[in-house]
1. Taking Cα atoms of the chain, Rg/Rh with Kirkwood Rh, to two decimals?
2. Could you sort Glu118, Glu159 by accessible area so the largest value comes first, with the probe set to 1.4 Å?
3. Bin by bin, in steps of 10 Å, what percent of the Cα pairs in segment 132-189 do you find, going until the bin that has the longest distance?
4. Over the alpha carbons of segment 57-100, what is the largest minus smallest coordinate on each principal axis, giving the biggest first in Å?
5. For segment 1-57, treating each Cα as an identical point scatterer without solvent, what Debye log10 I(q)/I(0) comes out at q = 0.23 1/Å?
6. Quick one: what does P(r) look like for segment 32-87 with 5 Å bins over all Cα pairs, in whole %?
7. Determine the relative contact order of the chain: mean sequence separation of Cα pairs under 8 Å and six or more apart, normalised by residue count, in whole percent.
8. Order the following by accessible area, largest value first: His60, His92. Probe radius 1.4 Å; ligands, DNA and RNA are ignored.
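The values are calculated or read from the model by the stated rules, or taken from the named source; none is laboratory data. Keep in mind that this is a model prediction, so the values were computed, not measured. Heads up, the Cβs are rebuilt from the backbone with ideal geometry, glycines too, and the neighbour counts pull from every protein chain shown. Ligands, DNA and RNA are excluded from the accessible area calculation, which covers all protein heavy atoms including side chains. Shrake-Rupley method; radii C 1.70, N 1.55, O 1.52, S 1.80 Å.
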Amino acid sequence: MPKSAISFRIPTRLWDAFKGQTDSLFLSRAPFLDYMVRRELANLREELKGLKQSTRAKRHVAGVLKRQDLTSVNIEVQPETADALREATAAHNMGRDAFMSRLVIFLRSTDSLLRYLEVPLTVQRRGIGSSLEDMPTSPLGAMEAVRDDPLFYVRAHVEDVHGCGIYRAPLPSSADWAACYLPDDQVPNTPANRRRLKEEAEFLAIFSDEPQVDAKRTARRSSK
């Protein structure tokens, strides 16, 4: 069956690091990404069920991406993979570049990322109970187990710590270029963002005002 081509832009440093890892693991990137995109789109659709990113948020994500040093990538995938990706981006008003970048970020799951998300650097059951499966001792068996759901352990820990999946897991605002869904209150200069910042400022003012009030009361009492 003829394959379909998909293209995306991704930060050069991220792609170069991903290429280095996949080369060292003897992975053929196009078939690997074809498999991962097809598998992960089902998880993304479930995680973003009922959510559609605003046009303003999508533009913000694309704008942050444009400020990166980018590499254009073209790969051949199964037609159903290309169709599923097209449907998902339309359903959630999500940028293809953002999804592919985030997928690569979590496939790499560097120590820095895992520490930021408070995810253990090694597979652990702690905090998740019996939901994590044991890893086979057999080398090929372990490879097969990881192949079936490569992001299983990362996703399980992220859900346990943050109460959401990897496609809504909180990353620094500097990584907005990899946001699959960004609520308007996280988009700079939107009414929702200004309202959130105002509410946060008012909340913080409670703590800064209390000592001042106490000081004034103390001064009045001492003058009587």
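1. For the chain, the value is 1.11.
2. Result, largest first: Glu118, Glu159.
3. Each 10 Å bin holds this share of Cα pairs: 20, 36, 24, 15, 4, 0.
4. 31, 24, 9
5. For segment 1-57 at q = 0.23 Å⁻¹, log10 I(q)/I(0) is -1.09.
6. With 5 Å bins starting at 0, P(r) equals 4, 15, 18, 18, 24, 19, 2.
7. Worked out over the chain, it gives 26 percent.
8. Numbers: His60 40, His92 10 Å².
Ranking His60, His92 by accessible area, largest first, yields His60, His92.
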